[in-house]
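So the structure is just underneath, and the comments pick up after that.
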Amino acid sequence: MIEKITSLQNPRIKNITKLQTKSSERKKQNLFVIEGIREISLANKAGIKIDSVFVCPEIINPDKIPAEYNIIKDYFELSLDVYKKIAYRESTEGIIVLAQPKYLKLDDLKLRKNPLIIVLEAVEKPGNLGAILRTADAANVDAVIICDPLTDIYNPNAIRSSVGCVFTNQVVTTNSDEAIEWFKKNKVRTCGAALTATKNYHETDFTGSTALIMGTEANGLTPKWLNHTDELLIIPMSGEIDSLNVSTSTAILVFEAMRQRNFYK
């Protein structure tokens, strides 16, 4: 018999809120929250294991719920009021699941002959992370490596802003020292975006094995990366400001690389 939840004081509802708001709880419980049909479908396709399912029959058409979810032991129906209180997205679709995270290591990556990799140093804002993951999916880059992260990849804002692309990309979290050594070992040329650079980004060759190194939203690349990057590049600007949002800068460099690679045609 399907359990129906009508109270915000229900322990399962309180736990969803914890998982939505606290990275420490996501790590402790080895669970995270996915909301929305598209995002859940992409997670399912990526082999993410669904732990429990929460649906609001007043919102979602039963035909849109994957049949395999009906056999999941922890399957719950929520009242409309309860669902609206815990729904993270403004336009909701009536389904939330708890899932087990999937973490890759550097040596797990499957790369093409001349890979294109995005590297984010100490990315802090989940919205920026999500936007970059969306760009990574659009360009079909080989991997996104997040060094010394200040937000986790399963933050609800990151999942929402990536429209589920956190599941479509190969994403690794590691520290900068390990990444720098891995690039040397695998002979991947590193190109960092820096305001101190003198070479314009479109004047370099991105057709070989390349990692695009992007710095923090506030301060750019740290000295560690500035001193261990093969080439530093700048995006020329003609206005009053001297920098772009990190997700915008990443998109510019990625699609210049894609142009040089003839968009993998």
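Nothing in this text is a laboratory measurement; each read-out follows from the coordinates by a stated rule. Bear in mind the structure is a predicted one, so any value in this text is a computation, not a measurement. Because the Cβ atoms are built from the backbone with ideal geometry, glycine has one as well, and the counts that use them run over all protein chains shown.
Data table
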{"item": "On Cα atoms only, tilt of 246-260 relative to the major axis of the chain in degrees", "result": "60 degrees"}
{"item": "Sorted by Cβ density within 10 Å, fewest first, the residues 18, 49", "result": "49, 18"}
{"item": "Whether the stretch 3-100 is rounded, prolate or oblate, judged on the alpha carbon gyration tensor where a/c under 1.5 counts as rounded", "result": "rounded"}
{"item": "Residue 81-residue 248 FRET efficiency (beta carbon distance; Förster radius 41 Å; 0.05 resolution)", "result": "0.55"}
{"item": "Virtual spin-label span in nm between residue 110 and residue 195, 7 Å along Cα→Cβ", "result": "4.1 nm"}
{"item": "Surrounding net charge for residue 124, when Lys and Arg each add one and Asp and Glu each subtract one, Cβ distance under 13 Å", "result": "-3"}
{"item": "Between 0 and 90°, nearest 10: helix 176-185 axis offset from the chain longest Cα axis", "result": "60 degrees"}
{"item": "Environment charge at residue 78 (Cβ cut-off 11 Å; Lys +1, Arg +1, Asp -1, Glu -1)", "result": "0"}
{"item": "Answer label for percent of Cα pairs over 28 Å apart (calculated), chosen among [x] 39; [y] 34; [z] 28", "result": "[x]"}
{"item": "Evaluated at q = 0.16, 0.19, 0.20 Å⁻¹: base-10 log I(q)/I(0), Debye formula over Cα of the stretch 106-264", "result": "-0.84, -1.24, -1.39"}
{"item": "Angle between the chain longest axis and helix 11-21 axis [Cα atoms, degrees, rounded to 10]", "result": "10 degrees"}
{"item": "Using θ = phi - 60° and Karplus 6.51 cos²θ - 1.76 cosθ + 1.60, couplings along the stretch 210-219 (whole Hz; Gly, Pro as x)", "result": "9, 10, 9, 9, 10, x, 5, 4, 8, 10"}
{"item": "Extended-chain gain in nm, criterion 0.36 nm per residue less alpha-carbon gap, residue 89 and residue 2", "result": "28.8 nm"}
{"item": "Alpha carbon centroid spacing (whole Å) that separates the stretch 195-265 from the stretch 24-58", "result": "34 Å"}
{"item": "Under Karplus coefficients 6.51, -1.76 and 1.60, residue-wise ³J(HN,Hα) of the stretch 139-154 in Hz, glycine/proline x", "result": "8, 6, 5, 6, 6, 10, 10, 10, 9, 6, x, 9, 9, 9, 5, 9"}
{"item": "Long-range amide H partners of residue 146 with built H, under 5 Å", "result": "120, 172, 173, 174"}
{"item": "Gain in span if fully extended, residue 205 to residue 241, counting 0.36 nm per residue against the direct Cα distance", "result": "10.3 nm"}
{"item": "Net lengthening on full extension, residue 264/residue 219 (0.36 nm per residue, minus Cα-Cα)", "result": "12.9 nm"}
